[in-house]
Amino acid sequence: DVYVFQRRFEYGIPTAILKLRQRGKAVVVETDDLYDDLPTSSPGWKVLRDHPNRISVDVLNVSMRCADAVTVSTDALAEHYSRFQPNIRVLPNYLDWPMWADVEQQSEVERPRIRVGWMGWLAWRDHDLDVLQEVLPGLLARHRDVEFVSVGEPRGAAAFKPGHVSVHKHLGIPKAQQRTVHGVPYRRLAEIVPTIDIGLVPLARTQFNECKS
């Protein structure tokens, strides 16, 4: 009796929502990003740009107006989308805690070299990584006992984004201090993340990032 539409951009969605409500069904629209202000470097922005006859961010906004309720992941998103739907609820993203139950506290692990790392795809986060460009190469040059781990880049990423370079090259990481963990299947997160002593989460100052969870 409840239908949840998760981040749908197809033009027929608002009509489908209205028809469901006419049949007595409750409809919830869910989103966890600020799609009104996607970074132009994002592949998601490029998909929307390249298929204007099939999908549109405006569809998501209209769907919110048509729905019974909207759920978002942060208070900032709730404030932003409240102009489309007064019945809006914040459902924070969360970790699947049982996955992490047996992970050893990494501050207790002795390693020959300290590992600083970042997890993600450069194709989605190049502007965020630019935040590190001014500080990380110098830091690593002064601390040769530190390695930088790039976690999550897909293999064969050159085909994923024209002109692609690796995270290491983008940041100017010295060759001897580079480590890479390709691809991160969700169920291996608890195994892979603890290979880093210090995790970095650089965020460019954008409205999109202000709304992230």
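For the range 84-100, the criterion of a residue being open to solvent by 40 Å² or more (accessible area, probe 1.4 Å) and within 30 Å of R144 (Cβ to Cβ) is satisfied by no position. Comparison of E134, E147, E191, E153 shows that the only residue that is among the charged types (D, E, K, R) and modelled with pLDDT of 90 or more is E147. Restricting attention to the range 156-169, the residues being surrounded by fewer than 16 Cβ atoms within 10 Å (Cβ to Cβ), at pLDDT 80 or above and over 23 Å from L38 (Cβ atoms) number 2. Do we find that G183 is over 30 Å from D75 (Cα atoms) and within 17 Å of the chain's Cα centre (by Cα) in this structure? Yes: the conditions hold for G183. Of all residues in the range 61-78, those that are more than 23 Å from D1 (Cβ to Cβ) and within 20 Å of the chain's Cα centre (by Cα) total 6.
Among the residues examined, A204 does not qualify as modelled with pLDDT of 80 or more and closer than 29 Å to E110 by Cβ. Quick check: anything in the range 170-179 farther than 24 Å from S41 by Cβ, free of Cβ contacts under 8 Å to residues at least 40 places away in the same chain and open to solvent by 80 Å² or more (accessible area, probe 1.4 Å)? The answer is yes; a qualifying residue exists. On inspection, S42 passes the criterion of being within 20 Å of the chain's Cα centre (by Cα) and either β-branched (V, I, T) or open to solvent by less than 20 Å² (accessible area, probe 1.4 Å) (or both).
Within the range 11-39, being in contact with a helix residue (DSSP H, G or I) (Cβ under 8 Å, 6 or more places away or on another chain) and either in a helix (DSSP H, G or I) or open to solvent by 70 Å² or more (accessible area, probe 1.4 Å) (or both) holds for Y11, I13, P14, I17, L18, R21, Y35, D36, D37.
The values are calculated or read from the model by the stated rules, or taken from the named source; none is laboratory data. Owing to the predicted nature of the structure, the values given are computational and were not obtained by experimental measurement. No Cβ is skipped: glycine too gets one built from the backbone with ideal geometry, and neighbour counts run over all protein chains shown. The area values use the complete protein model at the heavy-atom level, side chains included, leaving out ligands, DNA and RNA. Shrake-Rupley method; radii C 1.70, N 1.55, O 1.52, S 1.80 Å.
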